[in-house]
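**Student:** The structure is given below, and queries will be raised subsequently.
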Amino acid sequence: MKLPALLRAAVAAPSAAVSTLALAALALTGCAVQRPPAQVAVPMPPAWQAPLPHGGSVARLGAWWQEHLPDPLLAGLIADAQALSPDVAQARAQLLQARAQQVAARSALLPQVDGQASASRGFNEQLGALATVAQAGVQAGWEADLFGRSGAQADAARERSDGARAQWHAARVSVAAEVAQQYSNWQYCTRQLAVAEADARSRGETARLSAESERAGFTAPATAALASASHADALVRVAQQRLQCEIGVKALVALTGRGEPPLREQLAAAPALQPQQALFAIERLPAAVLVQRPDLYAAEREVAAASAEVGAARAERYPRLQLTGSIGRGWVSTSLGNTASNTWSIGPVALTVPLFDGGRRAAQVEAAQARYESAATRFRALARQAVAEVEQALERLDSTAQRSSDAERAAAGYRRSFEATQARWSAGLASLVELEDARRTQLASETALVALQQERMAAWIALYRAAGGGWDPAAAPQAEAPPPA
């Protein structure tokens, strides 16, 4: 009889008891125990309390850097930093691990098949001669998922895989925001340095003229000393500001891994950062924006995974049914001839009923329930934190927008006042004290204007991060793979 025929015979000929147990297993398969809710309701405000930029029209943030800050250097720095970041690498490794665990958990729902083969040669007492004995066979086993234990474990693994994918995106968004912040800080630092250097040059020219006037006997030594001290003070501020810019370059080197000499050349050739007045829009409803937060999505998936694990732990307290079977073929070769035989079996059908375990399974259910409560609490807290982060970024944007025009008008007015006072001083109609007072006011206004521009850019970057950085769970395919290491 051939092997397929043997399989058909094996299926057709089990005993009545085996048939009854197998049919009962099939009937019970898919009956799952109750789980806690896989999604946790979080109260959301009906609208943002802070003013929305640009009226709150809908816009995606995915290509934010390229669309609104078209700086090739910034895009390249972000890509280098993401490739080098240990946080992104760790998130990628966790994603690959979660996907492997998902495959392993899903395999528990399928039959397990193993092949075996053996051969031996020796004296056979039954045949009374030397014999070569060879055997080959296939063994199969399957556990009926009576109460949904394996299915729940597969669900938990799938949810964690989705959450790990979102965490990988969250790490990339965080790195992009950090690089953009450091790059903008350096840009505005150089602007502050330019203001300080211009002020130092102006003070230096005043000190030079005062020194010449003192030598000619037209200026008192105290007045010349004041001009010289003012110039020295300006040089100190220039050195301090230059130090901050140098620290910014070092930070970019550490983030991106680029060599410092070529990076300095690239920074020197980079155009000035000129962000638009409204870099991107944001939706009116908080829930529509927060769904784009990859960390919030990952926390929600952890709640679903913990819910599935509660169901799996409860299913451990119920009976388990396993079915095994095998088919094989054997050969015996002696000097008298060769013989072959086929074997097959279905069973045993094993039913395991938990009776006493000292409370171990009940404790596992309580532990799984506690993990679920912890995940739900963390999700609620993260949702509240996300709302607060967006609200704070919106408030900062609105505040900087309200102050921008006044700050520009103040800087222009103080600049004109200083120029007029300087002209009066050159004509001998104003004292050096008046000139220095006008200079200090003008320097403070110029410095405050650049600082306000930097604050506004920082608020945009904070909103980019708080709104999820353009990640969209609906647009990203489930099979999306991270880039190679």
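The values are calculated or read from the model by the stated rules, or taken from the named source; none is laboratory data. Note that this is a predicted model, so its numbers are computed, not measured. Counting neighbours? That spans all protein chains shown, and the Cβs are built from the backbone with ideal geometry, glycine included.
**Student:** So is S374 assigned to a helix (DSSP H, G or I), hydroxyl-bearing (S, T, Y), surrounded by 14 or more Cβ atoms within 10 Å (Cβ to Cβ) and modelled with pLDDT of 90 or more or not?
**Tutor:** No, not satisfied.
**Student:** Still on this structure, I have one more. Specify which of the listed residues (R424, R440, R384, R396) is in a helix (DSSP H, G or I), more than 30 Å from F147 (Cβ to Cβ), in the same structural domain as R301 (by TED's automatic domain parsing) and touching a helix residue (DSSP H, G or I) at 6+ places or on another chain (Cβ under 6 Å).
**Tutor:** Answer to the selection: R396.
**Student:** Quick one: what pairs do we get from the range 201-222, first residue within 13 Å of L432 (Cα to Cα), second at pLDDT below 90 and in a loop (DSSP other than H, G, I, E, B), C-beta under 7 Å, 6+ apart or different chains?
**Tutor:** Pairs that qualify, where the first residue is within 13 Å of L432 (Cα to Cα) and the partner is at pLDDT below 90 and in a loop (DSSP other than H, G, I, E, B), are S210/T219; S213/T219.
**Student:** Tell me, please, whether a residue that is aliphatic (A, V, I, L, M) and under 29 Å from V349 (Cα atoms) can be found in the range 165-184.
**Tutor:** Checked the range 165-184: no residue is aliphatic (A, V, I, L, M) and under 29 Å from V349 (Cα atoms).
**Student:** Ok, one more. So for the range 153-161 (the condition being more than 18 Å from R99 (Cβ to Cβ), under 38 Å from the mean Cα position of the chain (by Cα) and buried (at least 19 other Cβ atoms within 10 Å of the Cβ)), does at least one residue qualify?
**Tutor:** No: zero hits.
**Student:** Of all residues in the range 393-446, count the ones that are on the phi > 0 side of the Ramachandran plot and either in contact (Cβ under 8 Å) with a residue 60 or more places away in the chain or among the hydrophobic types (A, V, I, L, M, F, W, C) (or both).
**Tutor:** Qualifying residue count for the region: 0.
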